[in-house]
Amino acid sequence: MTRSTSFNGRIAAGAFALAAIAFLVGGAFAGLLVEATGDWRGALAAFDPYLVRVARFTLWQALLSTVLSVIPAIFVARALARHPRFFGRSFILQLFAVPLALPAIVAALGVLALYGRAGYFAPVFSALAQDRWPGIYGLSGILVAHVFFNLPLAARLLLAALENIPTNQWRLSAQLGMGARASFRFIEWPVLRAALPGVAGLVFMLCATSFTIVLTLGGGPRATTLEVAIYQALRFDFDPARAIALTLTQVALTALIVAAMGRLGASVTGDASLPASPRRALFPGNSEKLANAAIILTALAFVAGPMLATVLAGLQSELSRLAQEAAFLAALRTSLIFSASSAALCLLLSIALVMARRALEIRRGGGSIGPFEQMTDTGAMLVLIVPPIIIGAGWFILLRHLGDVFAFAPMMVITVNAVMAMPFTVRVLRPAHDAASARHEKLCLALGIGGWNRVRLVDWPSLRGPAGTAFAFAMALSLGDLGVIALFGSDQVQTLPYLLLQRMSSYRTADAAGLALFLGLLCMVLMFLAGRWGKERA
Amino acid sequence: MLFDLQIESSDIVAVMGPSGSGKSTLLNLVAGFERPDAGRILIGGQDVTDLAPARRPVSMVFQENNLFAHLTVEQNVGLGRSPRLRLSEQDRTDIAAALERTGLVGKERRLPHALSGGERQRVALARVLVRDRPVLLLDEPFASLGPALRDGMLDLMKELHRDHAMTILMATHDPRDAARLTETMIVVDGGRIAGIGSTSDFLSGNGPEAFDLYLGAQGRKE
């Protein structure tokens with residue numbers, strides 16, 4: 001009796017969490033369906049050459065971004081793997097993790113501050129081209145920003161694969177006298193080849209669903225992706241029929257990509273943790289050392305450039321005036337409240353799912369996995385197929401029948417951002433929870449510890465560290481996000497990224513730079529805390 | 001750690017001692033995977049202290065991961081002749097001979113995962129044969145094999161030593177392996193050489209105190 005009730009509580013919590021996610025996603029689709037059946041002629045007519053062009057551009061820029069990120073990343077990862085110890089190596093690896101934490105809009109601004117029309121490099125480029133540098137907008141801007149985000153990510157993932165090569169194989173290659181080319185062919189390439197489909201798939205997915213970069217750096221109808229087109233259809237043209245056609249295309253495309261990635265065995269969430277560098281016997285020749293140094297320095301300059309530019313441009317703005325501005329203070333307050341609530345909600349839902357999955361697993365013993373357990377396992381991943389903009393668009397269309405759409409902004413931003421972070425938080429929480437459960441489950445049953453007492457005495461102490469990590473991570477993600485708020489934001493409800501976007505579009509560049517610095521720092525602090533709490537656990 | 005040691009050429013030597021005592025470090029120093037902070041390493045009178053591993057007259061077989069998982073048996077052996085796998089007719093004849101010598105005929109085209117643990121170590125030995133270097137280092141090479149396979153491997157090692165007269169250093173935890181194969185024994189303890197002498201002497205209780213402690217009751221029965 002005790003046994004089953006102790007499980008029932010956890011399973012009910014998981015069912016509730018799943019129902020909440022299903023409601024959020026289902027509501028969006030309901031909104032789309034209701035509208036589509038009401039105006040099916042319009043929706044059908046919206047499958048026009050414009051949509052085809054946008055869909056083609058979405059895939060084309062994602063493909064180019066993937067190629068430009070992953071191929072250089074192979075060389076960078078290899079160079080780092082060949083030199084397991086040098087001054088500044090761990091600093092470079094940490095720097096390569098920064099783009100993961102940086103809000104896309106901050107990175108976009110950094111890229112503009114460096115390569116834009118009025119950027120730091122503009123005089124150099126103008127002199128080189130003997131013409132006024134037009135700045136990077138459109139495809140080139142999108143590509144530079146995507147590579148800035150994804151080259152370091154891909155390099156870290158590939159490096160992790162290379163570092164899993166057994167030490168003895170490196171030793172063997174040294175003993176057999178393999179040069180750089182032979183050891184690439186026999187040792188490094190087989191490992192890279194196995195890791196590449198997953199890494200490339202992840203980068204492609206991230207670029208195909210990238211919204212903020214394309215919104216801020218893409219220019220006009222020639223460089224628009226599906227997500228940005230959905231946003232424009234709803235915010236500017238108010239053309240729900242077109243939004244529906246675009247949304248269906250986007251969902252179909254991402255579902256296809258995810259299915260393809262599943263076949264390739266790719267991990268959709270991308271884990272960026274690296275094993276500690278083992279002692280490795282490597283004896284690169286002098287010319288190889290030189291080439292590797294050049295590769296690493298180039299990558300370093302490319303990644304550090306926009307970050308430095310963000311800091312420099314931010315410091316040049318009138319930070320003290322900005323900090324006293326009413327609009328800034330209001331946006332800061334809104335951002336903090338939204339992101340903290342979103343992170344708390346995300347944590348609750350994630351813990352409920354993780355506990356339910358484990359409880360179901362124990363209850364079934366060795367039997368086969370039921371559909372419900374399967375859902376608690378993969379339900380959180382749903383949001384990867386249905387990007388936040390899609391959920392936002394569906395609800396936007398539905399809610400406008402119920403009154404002022406913009407009044408729903410707080411609810412929408414908090415819930416969608418919470419669900420958006422779940423694939424990551426579940427991955428942080430689940431190993432810790434399952435390991436603790438494996439240790440304590442029998443003891444708890446024997447001592448009759450259950451319900452709230454169990455959560456307080458047994459589960460929470462083991463989850464506290466990972467929960468801190470997950471909370472900080474979810475909060476940083478939500479804080480920097482410009483997705484749902486781009487749709488639902490208004491003069492009444494503004495977050496920091498929304499305010500930043502507004503200042504950018506009204507060409508108040510200095511203000512935008514100051515805001516970007518501030519937002520970037522805030523997210524970095526949260527990510528730093530997430531990392532700290534993550535380490536304490538280990 | 002501090003090693004002061006001289007080994008006769010063509011000797012077969014067991015290196016024994018507790019885990020973490022420095023057995024592997026000693027072998028890695030000879031192979032060149034680690035460099036000494038001070039001092040010299042001479043092989044056959046030649047100072048090899050500053051030579052890269054590939055240029056030393058040494059082959060080494062590890063406990064595991066001796067083979068590249070994506071290459072066939074033949075290719076894995078061929079790497080011992082050419083690190084870029086550019087093999088001449090003569091090379092191929094030698095590889096075939098080495099595979100025959102190690103009892104791997106008919107398995108040339110297999111990948112390592114289709115081999116048993118014992119067969120994988122035989123492939124590593126076949127590579128040692130085509131490399132044909134005067135010194136062979138074995139780092140617990142039979143530790144993951146069952147007793148029967150182990151005996152077969154030890155017999156094979158004995159034959160190879162008789163034919164090629166290499167100097168062999170074998171790190172091992174098993175006194176039976178040492179007794180079956182080796183003439184001389186080095187006892188390593190706490191990063192130093194605690195003793196060097198005849199294997200049979202040491203195993204019958206005339207070794208250094210550290211060695212008796214390491215063996216415990218098990219060794220003295222042998």
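Looking only at segment A:340-389, how many residues end up being open to solvent by 40 Å² or more (accessible area, probe 1.4 Å), outside any helix (DSSP H, G or I) and of a type in the set (A, V, I, L, M, F, W, C)?
Total satisfying the criteria: 1.
Looking at A:R117, A:R85, A:R41, which one is assigned to a helix (DSSP H, G or I) and open to solvent by 30 Å² or more (accessible area, probe 1.4 Å)?
On inspection, the qualifying residue turns out to be A:R41.
Exactly one condition in (1) touching a helix residue (DSSP H, G or I) at 6+ places or on another chain (Cβ under 6 Å); (2) of a type outside the set (G, A, S); (3) not assigned by TED's automatic domain parsing to the domain that holds B:S21 is false for B:L111; which is it?
Every condition holds for B:L111 apart from (1).
Looking only at residues that are in contact with a Lys or Arg (Cβ under 9 Å, 6 or more places away or on another chain) and more than 9 Å from chain B (Cβ to nearest Cβ) in segment A:177-193, which one is most open to solvent (accessible area, probe 1.4 Å)?
Restricting to residues being in contact with a Lys or Arg (Cβ under 9 Å, 6 or more places away or on another chain) and more than 9 Å from chain B (Cβ to nearest Cβ), the top hit is A:F184.
For the list (1) touching a residue at least 40 places away in the same chain (Cβ under 8 Å); (2) of a type outside the set (K, R); (3) under 28 Å from B:A194 (Cα atoms); (4) buried (at least 21 other Cβ atoms within 10 Å of the Cβ), I need the number of the one condition that B:G80 fails.
(3)
Among the residues of segment B:109-137, write down those that are surrounded by 15 or more Cβ atoms within 10 Å (Cβ to Cβ) and over 22 Å from B:D11 (Cα atoms). Write out each step before concluding.
Step one: filter segment B:109-137 for residues surrounded by 15 or more Cβ atoms within 10 Å (Cβ to Cβ), giving B:110-112, B:115, B:118-131, B:133-137.
Passing the criteria: B:R110, B:L111, B:P112, B:L115, B:G118, B:E119, B:R120, B:V123.
What is the number of the single condition among (1) under 16 Å from A:F518 (Cβ atoms); (2) open to solvent by less than 60 Å² (accessible area, probe 1.4 Å); (3) touching a residue at least 40 places away in the same chain (Cβ under 8 Å) that A:E325 does not meet?
(3)
Kindly evaluate A:R439 against the criterion of being open to solvent by 50 Å² or more (accessible area, probe 1.4 Å), part of a helix (DSSP H, G or I), modelled with pLDDT under 80 and among the charged types (D, E, K, R).
Working: open to solvent by 50 Å² or more (accessible area, probe 1.4 Å): yes; part of a helix (DSSP H, G or I): yes; modelled with pLDDT under 80: yes; among the charged types (D, E, K, R): yes.
Taking the combined requirement at face value, the residue satisfies it.
Out of (1) out of contact with any Gly (no Cβ under 9 Å at 6 or more places or on another chain); (2) surrounded by 22 or more Cβ atoms within 10 Å (Cβ to Cβ); (3) in contact (Cβ under 8 Å) with a residue 40 or more places away in the chain, what's the single condition that is false for B:E8?
The number of the failed condition is (2).
Can B:V48 be described as assigned by TED's automatic domain parsing to the domain that holds B:I196, farther than 23 Å from B:V123 by Cβ and buried (at least 17 other Cβ atoms within 10 Å of the Cβ)?
yes
So, of the residues in segment B:179-189 that are among the hydrophobic types (A, V, I, L, M, F, W, C) and within 7 Å of B:T199 (Cα to Cα), which turns out to be surrounded by the fewest Cβ atoms within 10 Å (Cβ to Cβ)?
For segment B:179-189, the residue satisfying everything is B:A179.
Here is a list of conditions, (1) open to solvent by less than 20 Å² (accessible area, probe 1.4 Å); (2) in contact (Cβ under 8 Å) with a residue 60 or more places away in the chain; (3) more than 11 Å from every other protein chain (Cβ to nearest Cβ), and A:N164 meets all of them except one; can you say which number that is?
Here A:N164 meets the rest and fails (1).
Is it the case that some residue within segment B:22-44 is touching a residue at least 12 places away in the same chain (Cβ under 8 Å), more than 14 Å from chain A (Cβ to nearest Cβ), open to solvent by less than 60 Å² (accessible area, probe 1.4 Å) and hydroxyl-bearing (S, T, Y)?
So far as segment B:22-44 goes, no, none of its residues is touching a residue at least 12 places away in the same chain (Cβ under 8 Å), more than 14 Å from chain A (Cβ to nearest Cβ), open to solvent by less than 60 Å² (accessible area, probe 1.4 Å) and hydroxyl-bearing (S, T, Y).
For segment B:139-150, does any single residue satisfy the condition of being open to solvent by less than 10 Å² (accessible area, probe 1.4 Å) and touching a strand residue (DSSP E or B) at 6+ places or on another chain (Cβ under 7 Å)?
Pass one, segment B:139-150, residues open to solvent by less than 10 Å² (accessible area, probe 1.4 Å): B:141-142.
Among the residues that remain, those that are also touching a strand residue (DSSP E or B) at 6+ places or on another chain (Cβ under 7 Å) are: B:141.
Scanning segment B:139-150 turns up at least one residue that is open to solvent by less than 10 Å² (accessible area, probe 1.4 Å) and touching a strand residue (DSSP E or B) at 6+ places or on another chain (Cβ under 7 Å).
I'm trying to understand the selection: among the residues of segment A:463-503, which are in a helix (DSSP H, G or I), over 29 Å from A:A352 (Cα atoms) and open to solvent by 40 Å² or more (accessible area, probe 1.4 Å)?
A:Q502
Residue by residue through segment B:139-154, note down the ones that are of a type in the set (D, E, K, R) and in contact (Cβ under 8 Å) with a residue 40 or more places away in the chain.
Step one: list which residues in segment B:139-154 are of a type in the set (D, E, K, R), which gives B:139-140, B:150-151.
Within segment B:139-154, B:D139, B:E140 qualify.
Quick check, is A:A233 away from chain B (no Cβ under 14 Å) and open to solvent by less than 20 Å² (accessible area, probe 1.4 Å)?
In short, yes.
Rundown of residues vs (1) out of contact with any Pro (no Cβ under 9 Å at 6 or more places or on another chain); (2) touching a residue at least 60 places away in the same chain (Cβ under 8 Å); (3) under 28 Å from A:F471 (Cβ atoms); (4) among the charged types (D, E, K, R), yes/no style:
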| residue | (1), (2), (3), (4) |
| --- | --- |
| A:A313 | yes, yes, no, no |
| A:S317 | yes, yes, no, no |
| A:T334 | no, yes, yes, no |
| A:C346 | yes, yes, yes, no |
| A:A356 | yes, yes, yes, no |
| A:L360 | yes, yes, yes, no |
| A:G370 | yes, no, no, no |
| A:Q374 | yes, no, yes, no |
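Mind counting the residues in segment B:54-65 that are within 15 Å of A:A174 (Cα to Cα) and surrounded by fewer than 24 Cβ atoms within 10 Å (Cβ to Cβ)?
7
Any chance segment B:59-68 includes a residue that's more than 10 Å from chain A (Cβ to nearest Cβ) and within 20 Å of B:V187 (Cα to Cα)?
No, because not a single residue in segment B:59-68 is more than 10 Å from chain A (Cβ to nearest Cβ) and within 20 Å of B:V187 (Cα to Cα).
Is at least one residue of segment A:122-135 open to solvent by less than 30 Å² (accessible area, probe 1.4 Å) and within 14 Å of another protein chain (Cβ to nearest Cβ)?
Checked segment A:122-135: no residue is open to solvent by less than 30 Å² (accessible area, probe 1.4 Å) and within 14 Å of another protein chain (Cβ to nearest Cβ).
Can you tell me which residue is nearest to the other protein chains (Cβ to nearest Cβ) among those in segment B:83-108 that are open to solvent by 30 Å² or more (accessible area, probe 1.4 Å) and within 22 Å of B:R162 (Cα to Cα)?
Checked segment B:83-108; the qualifying residue nearest to the other protein chains (Cβ to nearest Cβ) is B:D94.
The values are calculated or read from the model by the stated rules, or taken from the named source; none is laboratory data. Just so you know, these numbers come straight off a predicted model, no measurement behind them. So basically every Cβ, Gly included, is an ideal-geometry build from the backbone, and we count neighbours across all protein chains shown. The area values use the complete protein model at the heavy-atom level, side chains included, leaving out ligands, DNA and RNA. Shrake-Rupley method; radii C 1.70, N 1.55, O 1.52, S 1.80 Å.
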